[in-house]
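Contents: one structure, followed by commentary.
The values are calculated or read from the model by the stated rules, or taken from the named source; none is laboratory data. The structure displayed is predicted, hence computed values, not measured ones. Cβ: placed from backbone, ideal geometry, glycine included. Neighbour counts: every protein chain shown.
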Amino acid sequence: MILVTGGAGYIGSHTCVELIEAGYDVLVLDNLSNSSRESIHRVEQLTGKSISFIEGDVRNGDILNVLFNTHPIDAVIHFAGLKSVGESCENPIFYYENNIECTLKLIQAMQDAGVKNLVFSSSATVYGDPQRLPLTEDMPLSATNPYGRSKLIIEDMLRDLPNADRLNQAAQPWSVTLLRYFNPVGAHKSGLIGEDPNGIPNNLMPFISQTAIGKRECLSVFGGDYDTVDGTGVRDYIHVVDLAKGHVKAVDKLLSENGIDGVQAFNLGTGHGLSVLELVNAFKDCNQVDVPYQISGRRPGDVAACYADVSRARDELGWQAELGVRDMVKDSWRWQSRNPEGYSDIMM
Ligand code: NAD
Ligand code: UD1
């Protein structure tokens, strides 16, 4: 059984579908601070399987101990966390408190229970301002905001665990997989689950789809004068279903004979950069909808381009992205147009 913290969220819900389809039993712990119980119902509807769902906080060590004592948990995927860069700059204590304490309580409970297989949701943000592209996992790490710093601190904390295993000659050592996501977009092709941001979206794809449906008047393209193919920022967008499948491969590997030795990081991206205007134009063409936009000033903190070298995930996890930009924009639009108010809509 796999314990999925934050499993009601955007990436977590898609990962639950793929885990169940791969034959894993899933136990979800989520406090629903940024998600809805409805996403779990929809995962159940999609898979035809019921999910053990616990509404609770990962910072609550008592809940964790009960879960480990009452369920045959083999590994944990740890999605639970706060993820807004802007909010983290306004309220860093809240971010450090939630993201770091969740992880501390989780690894303590895992150690106590003797379950030492962990997949952690990291981010390409740990590469800071990229010095060279494509980004490989061994490049220098840094943080440019409190959200990114919380990810880096957690990565560092996790890297200390195998060192302690060696000192303590632990009979059962830690196996930790750090998955560094690039830019997750898209939704399940059923249109039943997808990204449901609160308020005005910060990220590009939900802003595009909300503009296309008329909830936003106009997309501001942040910067038209970067040294890129058309002057707009370039990112490595990855379909959330591919990303979810990457988690299944990571769990398969952790639980295999030749699992992960200590801590290992993997980039999950496509390896291809796409500019803002390329994504907007693909959205318009594939979905036959208009997306009014205007070029505005650069967003502080943004880099011109960021994309992954994905060879380590391919070679060692046997995973690579299969879905392209057409799938990303079509699936995002299907989710948006069928659920204009996200999970608060009643499905037609
Ligand atoms: P999300 O907000 O949709 O999901 C996170 C889930 O964690 C939510 O369901 C929320 O209710 C839950 N949660 C938060 N704090 C909790 C706590 N203390 N106890 C229990 N549950 C808690 O976000 P997502 O996009 O699915 O991201 C999942 C993970 O991946 C996060 O750790 C995020 O930082 C990381 N990540 C996301 C992106 C992205 O662009 N979406 C990119 C890189 C990394
Ligand atoms: C953001 C986060 C990063 C996180 C990543 C993954 C910031 C500064 N960084 O990265 O920490 O890991 O999401 O989801 O928030 N854009 C527009 N108009 C918009 C929104 C975005 O032009 O309204 C542009 C941006 O300038 C960028 C691209 O679209 O070039 C992608 O932006 P976004 O979706 O916010 O992701 P990142 O900035 O790459």
Qualifying position, being surrounded by fewer than 17 Cβ atoms within 10 Å (Cβ to Cβ), in contact (Cβ under 8 Å) with a residue 24 or more places away in the chain and part of a helix (DSSP H, G or I), among Cys102, Cys89: Cys89
Criterion violated by Ile63 - all others in (1) part of a helix (DSSP H, G or I); (2) in contact with a Ser or Thr (Cβ under 6 Å, 6 or more places away or on another chain); (3) within 10 Å of ligand 1 (Cβ to nearest atom) satisfied: (2)
Extreme residue, surrounded by the fewest Cβ atoms within 10 Å (Cβ to Cβ), among residues of the range 7-52 that are more than 10 Å from ligand 1 (Cβ to nearest atom) and in a strand (DSSP E or B): Ser52
Filter result for Thr144 (in contact (Cβ under 8 Å) with a residue 12 or more places away in the chain, part of a loop (DSSP other than H, G, I, E, B) and under 25 Å from Gly6 (Cα atoms)): yes
Count of residues meeting criterion [in contact (Cβ under 8 Å) with a residue 12 or more places away in the chain and not in a helix (DSSP H, G or I)] in the range 241-294: 24
Strands (runs of 3 or more DSSP E) fully within the range 181-240 counting 2 or more residues that are under 23 Å from Pro292 (Cβ atoms): 183-185, 219-222
Those residues of the range 105-138 which are under 12 Å from Val58 (Cα atoms) and either loosely packed, with under 15 Cβ neighbours inside 10 Å or in contact with a Cys (Cβ under 9 Å, 6 or more places away or on another chain) (or both), in sequence order: Gln108
Matching entry among Arg235, Arg216 (being modelled with pLDDT of 95 or more, within 15 Å of ligand 2 (Cβ to nearest atom) and crowded, with 20+ Cβ neighbours inside 10 Å): Arg235
Pick from the range 202-240, criterion touching an Asp or Glu at 6+ places or on another chain (Cβ under 7 Å) and under 19 Å from Gly12 (Cβ atoms), ranking: nearest to ligand 1 (Cβ to nearest atom): Pro206
In the range 293-316, the residues that are buried (at least 22 other Cβ atoms within 10 Å of the Cβ) and farther than 21 Å from Val276 by Cβ: Val310, Ala313
Condition met for Gly148 (under 25 Å from Ile260 (Cβ atoms), of a type in the set (Gly, Ala, Ser) and touching a Ser or Thr at 6+ places or on another chain (Cβ under 6 Å)): yes
Matching residues, the range 160-182, being of a type in the set (D, E, K, R) and either within 16 Å of ligand 2 (Cβ to nearest atom) or under 12 Å from Ile107 (Cβ atoms) (or both): Asp160, Arg180
